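Since the structure comes first, as structure tokens, the remarks are kept for the end.
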Amino acid sequence: MKKVLMKTIGIYNVILIIGFSYLLMGCSVDDGKSNVNFSYKLNEIISVEIPDTVRENGIYDLEIEFKKSADCYSFSGFDFKIGENENERIISVISSVVDVDNTCQKYKSPKTEIENFEFSVRRDDYYILKFWQGIDSLNKPIYLTKRIEVR
């Protein structure tokens with residue numbers, strides 16, 4: 001009796017797994033008709049509202065204004081990394097770009113957006129903050145550079 005019951009349970013599990021597999025293969029978000037391109041792009045930073053001095057262990061909202069060059073760009077967040085020396089921080093604005101069937105429209109003149117970046121002060125001397133503004137003719141990054149004293 002136990003062997004028959006185990007075989008029955010085993011057969012039901014196999015049928016269930018096969019059925020579930022067909023169900024998953026049948027579900028697709030791709031209708032076969034649209035062409036979707038997805039990528040991440042850096043946005044040029046125009047300006048930054050930032051204090052000249054900050055307090056150690058303080059947290060500050062930096063207001064960052066940046067360019068958005070097309071209607072398919074959507075703000076995704078910030079890239080924040082340590083620069084060439086321990087006092088230097090590099091901040092970039094990142095957008096996700098979703099272009100369906102090549103319908104992404106570039107603006108005649110870029111639109112601007114403002115987002116806040118939360119900056120935590122962990123040093124007791126100073127910071128050099130570099131905000132990405134683009135690439136020059138030699139393919140080198142251009143930065144808006146601000147020095148902030150820590151008090």
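The values are calculated or read from the model by the stated rules, or taken from the named source; none is laboratory data. Computed from a predicted structure; not experimentally measured. Every residue, glycine among them, receives a Cβ derived from its backbone with ideal geometry; neighbour counts consider all protein chains shown.
Of the strands (runs of 3 or more DSSP E) that lie entirely inside segment 46-151, those containing 3 or more residues that are without any contact (Cβ under 8 Å) to a residue 40 or more places away in the chain span 73-82, 106-120, 141-150. Somewhere in segment 65-76, is a residue of a type outside the set (Gly, Ala, Ser), modelled with pLDDT of 95 or more, under 22 Å from Ile148 (Cα atoms) and under 28 Å from the mean Cα position of the chain (by Cα)? Within segment 65-76 (the criterion being of a type outside the set (Gly, Ala, Ser), modelled with pLDDT of 95 or more, under 22 Å from Ile148 (Cα atoms) and under 28 Å from the mean Cα position of the chain (by Cα)), the answer is yes, since at least one residue qualifies.
Of all residues in segment 101-129, those that are of a type in the set (D, E, K, R) and under 14 Å from Asn43 (Cα atoms) total 4. Within segment 78-89, the residues that satisfy the criterion of being under 14 Å from Ser120 (Cα atoms) and not aromatic (Phe, Trp, Tyr) are Lys81, Ile82, Asn87, Glu88, Arg89. For segment 55-64, the set of residues classified as hydrophobic (A, V, I, L, M, F, W, C), surrounded by 13 or more Cβ atoms within 10 Å (Cβ to Cβ) and either modelled with pLDDT under 95 or within 13 Å of Ser120 (Cα to Cα) (or both) consists of Leu62 only. Name every residue in segment 127-151 that is among the hydroxyl-bearing types (Ser, Thr, Tyr) and surrounded by 13 or more Cβ atoms within 10 Å (Cβ to Cβ), in order of residue number. Scanning segment 127-151 gives Tyr127, Tyr143.
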